[in-house]
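So the structure is just underneath, and the comments pick up after that.
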Amino acid sequence: MLKNYVKTAWRNLLKNKFYSLINIAGLTAGLAIGILILLWVQDEVSFDSFHKQAANIYQLSITGGSGSSKQIWSINPAPIGPLAKKQLPEVVDQVRTTGNWDYSLYKYKDKVFGDEYAIYADPSFFSMFDFHLVEGNSSNPFADDNAVVITKKTAAKFFGNTDPIGKVIVADNKQNLTVSGVINDFPKNSSISCDMIMPISAHFKAQLEQKNDLSNNFGYLNYQTFLLTKPGPSGKDLAAKILKLHLSHDPGSTDTHYLLLPITKMHLYNADMTDNGITTVRIFIIIALLILVIACINYVNLSTARSMLRSKEISMRKIVGAAKTQLFLQFIVETTLLFSLAAVLAIVLIYILMPAFNQLAGKEMVFNLADYHIWFVLVSAIAGTLAASSIYPALLLSSFEPLKALKGKISAGIGDVLFRKILVVTQFSFSVMLIIGTIVITGQLNYIRTKDLGYDKTNVFSFWMRDMSKHYDAARAELLKQPGIVDVARSNQNIIRFGGFSGSNDWDGKDPKQNVVMHTIVIDKDLISLFKMKLVQGSAFTDVITDTSHYILNEEAIRQMGIKDPVGKRFTFQGTKGTIIGVVKDFHFASMKQKIAPTLFWYLPSQLNTIYIKTTGRDAAKAVAAAKKQFNQYNGEYPFNYAFSDDVFNKIYRAEQREGTLFTDFAAVAIFISCLGLLGLAAYTAQVRTREIGVRKVLGASIAGIIRLLAIDFIKLVLIAIIIASPIAWLSMNKWLQDYAYRINISWTVFAIAGTLAILIAFITISFQSIKAALMNPVKSLRSE
């Protein structure tokens, strides 16, 4: 019986090649793109969930400041983790990590490397997380403070195929690091990743030698802290207990609070559970479902529309004894066969598209059919779309009354026609929403690229000077002789997305309850002019010793402090009393998702270790070569790593740019699938109205009139779709824009453009079949009936 069903289904597919091709093409595209999106979503939500104890691991964050200057940081004071483990029974274990910027050159024999990312960590790093040692002693990963654990990739790079345990790596030509362990490379879906791990005890020891005792320092925030808790405790209650611990050692931190974020939410949420990517994931889930639904609508629409053409076939089957259940199964088998073909083609298409998709998404996903996660997504998508698109057409086709059908008295009911119109409206509503979304997202990203940032970052590159900083004046003089170099300046970090901050400040008229947390950066006299920042009051630094007690603030800092006529007013920073000498116009140094924060410029020559070089652009390569020559002159074999400020800025929005491109591509696929369905319906309409068209042509109807006749009904449906989609799209995109502190307004032109595009796309699609029908010889049209 099943064999007969399959044979009949196959014959029917071959008999109606055009409609079969449209259905298979739409379903293949829908399944392939829908599955690719769901794989992307699965990868995003799987971050950090591979740890066996993930359900009980939390990232600790701290808040500081008051009012609008309140800040949240994922870095904490060094003592809080061990204190929580020691004094709170809910805390089973803790891990602290911090970046290792002490070394930048690593040697093994004649091999020299400089691009490794190293961190300091507690030994519990290897027991709390699932980063277990594959070589070395897991119970004692660091034999002493000079030990280092490396990844397999790093081991292969340094030592090839030889056993790395016990080998000595020389860091910065002064520190011998003995390899005590090797771990697997970090998973791609891990928020924690590095090449080398050193004991945090070595870091604290080095700090102590510099008279910086961090064992009871609650004002220095530089450590990511993770807590492993017992099952069940409330994160809010535990955070309150940790705060109590903090205040018992540092009573002055009255505006401090702690937050606990589950490690499985680190990738997509901020510490306060606000969006850090989860909204994009939800949008992409909706897009995947929309694409699959649009593909289903195509099949349902074409199947039900063509049901009238199969009424006699179905009636003959009933007369010769076919039961309704058998007919139902026959049509289910037809749908299943078509879906099976589409699914196979979709899998092939996924294999073909995966490299390009990975490049667009910035991922390294592998489409491996041996992975049960892949099968979960595949089966869910295919089974869901199959069920959604097969049942109704099968019920409709198996319900015809045979005698009426054979007499030609069956016609599409009002309910069936209305249902198909609703499906078309639904389909194009989705398409219009995606068009509007594409326009808004593109507009916001273009706004970010073109907005005045408050400084000029064009043709500026920077690098860490190392020992070159001791010879800065000579190096600067030499660099300014180069024809491609316009200006040179210094700071202590990158001007874009810099990370220094402090709440340790005071000024005339300060409210005792007020604490303005400021982003801080050390600069020299030339940096403000190099970046063409605007001084709205006062003057810049002059590189004299008195500048160490002078301060320049941005407009937002002055606004939050509530100072009028700030130049000349007293200001104290980290215990150093001084004077405000200037106010710089607000500028964007971070993502436009964040409001411009209070910023403090200060002067301390010993910390000016980052150089900025502004070039003419045309001679940028020569400028970089000259800078490298100066760097190598003072730093020997240390690697020369530089970055253009434009590239640093663009990295802030790399994720948004990728997501915007993906959104646009997905929208194009959804519109393409919708157009396939519309093409099929237009072809069917032209087919069933062949005689009417022939009569109209005989009576003098023009080709344009015939096209208008066939297109008008579909255009009306698209207009309804535009009316339905516009408010929904406005609400959705307005919510998306709320993530940006600086954003565009959604004007009426967005909806006008989207509506015009939708009508134009629909009209062009319909016109192919309409023109074909209109050009048909009326004699042939009438004879065909």
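Miscellaneous remarks
- Eligible lysines near Lys569 by straight Cα distance, threshold 22 Å, same-chain separation 8 or greater: Lys510, Lys513, Lys525, Lys534, Lys577, Lys585
- DSSP-assigned coil residues among chymotrypsin sites (Phe, Trp or Tyr not before Pro) in region 132-231, each with at most 14 further Cβ atoms within 10 Å: Tyr220
- For region 68-166, the number of Lys pairs separated by eight or more positions or lying on different chains, with C-alpha atoms closer than 22 Å, is 9.
- Qualifying aspartates and glutamates (Cα of each under 16 Å from Cα of Lys241; at least 8 residues distant if same chain): Glu90, Asp93, Asp250, Asp255
- Karplus (6.51, -1.76, 1.60) ³J(HN,Hα), θ = phi - 60°, over region 534-550, in Hz, Gly and Pro reported as x: 9, 8, 7, 8, x, 9, 8, 5, 10, 6, 10, 4, 5, 5, 5, 10, 10
- Within region 530-578, the trypsin sites (Lys or Arg not before Pro) that combine a DSSP coil assignment with at most 15 other C-beta atoms in a 10 angstrom radius are Lys532, Lys534, Lys564.
- Using R0 = 56 Å, the C-beta based FRET efficiency linking Asp115 and Trp10 works out to 0.45.
- All aspartates and glutamates inside 18 Å of Lys595 as judged from Cα atoms, apart from same-chain residues fewer than 8 positions distant: Asp272, Asp275, Asp452, Glu555, Glu556, Asp586, Glu656, Asp739
- Neighbours of Lys52, meaning other residues whose beta-carbon lies under 14 angstrom from its beta-carbon, give a summed charge of -3 when Lys and Arg score +1 and Asp and Glu score -1.
- Counting Lys and Arg as +1 and Asp and Glu as -1 over every other residue whose Cβ lies under 10 Å from the Cβ of Leu360, the net charge comes to 0.
- Sequence-distant residues sharing a close amide H with Ser191 (under 5 Å, placed H): Asp48
- In this structure, the amide hydrogen of Leu105, modeled 1.01 Å from its nitrogen in the peptide plane, lies closer than 5 angstrom to those of Asp172, counting only residues at least 5 positions away or on a different chain.
- Proximal charge balance of Tyr223 [Cβ under 11 Å; K/R count +1, D/E count -1]: 0
Readers should treat all values here as calculations from the given coordinates under stated rules, not as data from a laboratory. Because the structure is a prediction, the values reported are computed rather than measured. When we count neighbours, we look across all protein chains shown, and the Cβ atoms used for this are built from the backbone with ideal geometry, even at glycine.
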